[in-house]
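Heads up: the structure comes next, in structure tokens.
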Amino acid sequence: VLSFIIFICYIASLAASFMTAPLLEFLLALFLFFAYASKLNEKFKGVHWPLADFLRCVTAAIIYFAISIAAVSKYSDGASKAAGVFGFAATIVFAIDFYITFNDLVTFLKQGSSDSPEGHKTE
């Protein structure tokens, strides 16, 4: 939702060139939400879903931080400032999501690595 609000703010501002990043992040988050909701992560075991979510959080936090600094410092209209402030809020939200997802990813990787040494011991 926050990505969609930032997208709308960038459309209404002079910094319309930054609207692509929030739109792509919104669509990617929507895809992952529906993938988890429809249990695609259980059907497609070959995809490392926690890693995909982790990478989405990391890149979103970095990109939102960068474009928020540019929007606040370079443009003086209200919509650009609002998009920048919402972008900083999104950076914090994605950083928190990054931390939570990182813990899930570590648990996921420990489960995968604990299965493989047992198989090697029996051989």
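The values are calculated or read from the model by the stated rules, or taken from the named source; none is laboratory data. What you are looking at is a predicted structure, and each value in this text was computed from that prediction instead of being measured. Please note: Cβ atoms are built from the backbone with ideal geometry, for glycine as well, and neighbour counts cover all protein chains shown. Heavy atoms of the whole protein, side chains included, go into the accessibility calculation; ligands, DNA and RNA do not. Shrake-Rupley method; radii C 1.70, N 1.55, O 1.52, S 1.80 Å.
At a glance:
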| read-out | value |
| --- | --- |
| Cut-off of 10 Å, at most 14 other beta carbons, DSSP loop: longest stretch of the chain lacking such trypsin sites (Lys or Arg not before Pro) | 46-123 |
| Segment PHE33-ILE92, extension gain: residue separation times 0.36 nm, minus the distance between their alpha carbons | 19.3 nm |
| Mean Kyte hydropathy of -0.5 or more with a Cα span along the axis of at least 30 Å, helices from DSSP in the chain | 49-74, 78-122 |
| Max mean-square fluctuation residue, GNM over the chain, Cα-Cα springs under 10 Å, options LEU32, LEU40, LEU55 | LEU40 |
| For the chain, accessible area per residue (1.4 Å probe, heavy atoms of protein chains only), Å² | 63 |
| Full-stretch length increase - VAL58, SER17 - with 0.36 nm per residue and alpha-carbon distance subtracted | 12.6 nm |
| Mean ellipticity per residue at 222 nm, deg cm²/dmol - from DSSP H runs of n ≥ 4 across the chain, formula -39500 (n - 2.57) | -29000 deg cm²/dmol |
| In the range 8-96, chymotrypsin sites (Phe, Trp or Tyr not before Pro) in a DSSP loop with at most 13 other beta-carbon atoms within 10 Å | PHE44 |
| Pairs of alpha carbons in the chain whose separation is greater than 17 Å (percent) | 61 |
| Surface share of carbon and sulfur [accessible, 1.4 angstrom probe, percent] for the chain | 74 |
